[in-house]
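Colleague: One structure, as structure tokens, below. Some questions next.
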Amino acid sequence: MRPRIEKHFYFIALAFLTFFLFGCACETPLQDPAYSDQSALPYIDALVFDSSGSMIYGQVLVPSSDLGENRPCAILCHGFAGFTRWDDVAHDLCRAGIVVVIPHHRGAWGSEGEYTVTGCVGDAENLARWAQSADFAAKYKTSTNDVWLIGHSMGGNSALNAAAKMGSVKGVALIAPCDIGYMAEKMKREELKSFLIGEGLHVLRRRSDDTVIDDIENYAYFMRFAVNAPKLAKTSVFLATGEYDTVVPSEPLDAFWNALPQETRRLRKTYPATHSLMGYRRALARDLIGFIQGKSKTDETK
């Protein structure tokens, strides 16, 4: 009997060791919390919003009421053409108690109107002003003084320019942002057009390719990140970039960072990732949540 017991013990020990080593190599499985009751469940609300005469659509992610009231609101602007979604990061923000508004900009993903880059800036501004209203705060239990604009790629241009125009949002988060004003000033028109076509211009509802280019060239200087940096003295700035990003240039981001007022609360992170930050979006979400909640170190670049 003893050899059989020792044999069983050997297999049990081996299984335990395998489980331990495998568990160390993998992330702990995500677990949903236990909610106090049915009324405390988080939910998704439909976004149907009139932005300067065009109805834009999307979602509003509303956290569990167990996470309290007077919570932040983040408006998450998608990039050019809208191929890349950020639902994973949006849901992480929501789990942390942040209301997340996910708009589909005019002319994109079924929203009304014609796509222009300045139109996206207008959408971001209009949504932020709505999020600062007493009606929005009452409906979603948010603070009117804790509104954030977040944008990836061209959405970073939307978020930054809207924040600079308003001067009243609490913070802006730029994820692999595209300084399209800088690019328009550095590139010839046909080169810029080719770049936008390669990034998906054909899927957007627009009057013509040239109207989109005209809009960018007419407002290029005013959209430059470095030009808008001095307007962000009272706005927190989170800048996330990918070490292997080959889509947007890094030079204007360095100039923007250096042009920020000294008193600007800021945090800059670089991840070993490409333009989409795939593979590091959970780390990005953790860093972003910490910054929004005021738990991160500032003036940090790494």
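Colleague: Name the residues in region 235-254 that are among the acidic types (Asp, Glu) and within 22 Å of residue 285 (Cβ to Cβ), would you?
Modeller: So the first thing to find is which residues in region 235-254 are among the acidic types (Asp, Glu), and the list is 243, 245, 251, 254.
If the condition is that a residue be among the acidic types (Asp, Glu) and within 22 Å of residue 285 (Cβ to Cβ), then 243, 245 are the ones that fit.
Colleague: Being part of a helix (DSSP H, G or I), of a type in the set (Lys, Arg) and over 27 Å from residue 259 (Cβ atoms) is the filter here, so list the residues in region 187-210 that pass it.
Modeller: Narrowing region 187-210 to residues part of a helix (DSSP H, G or I): 189-198, 201-203, 209-210.
Subsequent filtering for residues that are of a type in the set (Lys, Arg) retains 189, 193.
Residue satisfying the conditions is 193 alone.
Colleague: Within region 77-129, take every residue that is of a type in the set (A, V, I, L, M, F, W, C) and part of a strand (DSSP E or B) and give me the one that is farthest from residue 143 (Cα to Cα). Steps first, please.
Modeller: Narrowing region 77-129 to residues of a type in the set (A, V, I, L, M, F, W, C): 77, 80-81, 83, 86, 89-90, 93-94, 96, 98-102, 108-109, 117, 120-121, 124, 127-128.
Adding the requirement that they be part of a strand (DSSP E or B) leaves 77, 99-102.
On the way: 77: 20, 99: 10, 100: 13, 101: 14, 102: 18 Å.
Only one residue tops the list, namely 77.
Colleague: What are the residue pairs meeting all of these: first residue in region 235-258, first residue over 25 Å from residue 295 (Cβ atoms), second residue in a strand (DSSP E or B), Cβ atoms under 8 Å, and 6 or more apart or on different chains?
Modeller: Once the first residue is over 25 Å from residue 295 (Cβ atoms) and sits in region 235-258, its partners that are in a strand (DSSP E or B) give 250/241.
Colleague: Within region 47-61, how many residues are out of contact with any Pro (no Cβ under 6 Å at 6 or more places or on another chain), over 15 Å from residue 90 (Cβ atoms) and part of a strand (DSSP E or B)?
Modeller: 7
Colleague: From 56, 98, grab the single residue that is of a type in the set (A, V, I, L, M), more than 24 Å from residue 235 (Cα to Cα), surrounded by 23 or more Cβ atoms within 10 Å (Cβ to Cβ) and touching a strand residue (DSSP E or B) at 6+ places or on another chain (Cβ under 6 Å).
Modeller: Details: 98 fails: more than 24 Å from residue 235 (Cα to Cα).
It is 56.
Colleague: Given the criterion touching a Lys or Arg at 6+ places or on another chain (Cβ under 9 Å), among the β-branched types (Val, Ile, Thr), modelled with pLDDT of 95 or more and surrounded by fewer than 19 Cβ atoms within 10 Å (Cβ to Cβ), identify the matching residue among 246, 235, 270. Talk me through it step by step, then tell me what you get.
Modeller: Values: 246 fails: touching a Lys or Arg at 6+ places or on another chain (Cβ under 9 Å); 235 fails: surrounded by fewer than 19 Cβ atoms within 10 Å (Cβ to Cβ).
It is 270.
Colleague: Further question on the same structure: Out of the residues in region 188-204 meeting the condition of being free of Cβ contacts under 8 Å to residues at least 24 places away in the same chain and either of a type in the set (Asp, Glu) or surrounded by 14 or more Cβ atoms within 10 Å (Cβ to Cβ) (or both), tell me which one is farthest from residue 253 (Cα to Cα).
Modeller: Of region 188-204, the ones free of Cβ contacts under 8 Å to residues at least 24 places away in the same chain are 188, 190-191, 193-195, 197-198, 202.
Applying the additional criterion that residues be either of a type in the set (Asp, Glu) or surrounded by 14 or more Cβ atoms within 10 Å (Cβ to Cβ) (or both) yields 190-191, 193, 195.
Working: 190: 24, 191: 21, 193: 22, 195: 19 Å.
Of everything passing the filter in region 188-204, 190 is farthest from residue 253 (Cα to Cα).
Colleague: Restricting attention to region 129-147, and to residues there that are in contact with a helix residue (DSSP H, G or I) (Cβ under 6 Å, 6 or more places away or on another chain) and not hydroxyl-bearing (Ser, Thr, Tyr), which single residue is surrounded by the most Cβ atoms within 10 Å (Cβ to Cβ)?
Modeller: Taking region 129-147 as the starting set, the residues that turn out to be in contact with a helix residue (DSSP H, G or I) (Cβ under 6 Å, 6 or more places away or on another chain) are 130, 136, 144, 147.
In the following step, the residues that additionally are not hydroxyl-bearing (Ser, Thr, Tyr) were identified as 130, 136, 147.
Values: 130: 17, 136: 20, 147: 27.
Ranking the qualifying residues of region 129-147, first place goes to 147.
Colleague: Please determine, by comparing only the residues of region 259-276 that are polar (S, T, N, Q) and over 17 Å from the mean Cα position of the chain (by Cα), which one is farthest from residue 291 (Cα to Cα).
Modeller: Quick first cut of region 259-276, residues polar (S, T, N, Q) only: 262, 264, 270, 274, 276.
Subset that is over 17 Å from the mean Cα position of the chain (by Cα): 262, 264.
Values: 262: 18, 264: 13 Å.
My answer is 262.
Colleague: A follow-up question, please. Quick one: residue 72 ticks every box in (1) surrounded by fewer than 19 Cβ atoms within 10 Å (Cβ to Cβ); (2) not in a helix (DSSP H, G or I) except a single one, so which number is it?
Modeller: The number of the failed condition is (1).
The values are calculated or read from the model by the stated rules, or taken from the named source; none is laboratory data. Remember, it's a predicted structure, so these values are computed and weren't measured experimentally. Heads up, the Cβs are rebuilt from the backbone with ideal geometry, glycines too, and the neighbour counts pull from every protein chain shown.
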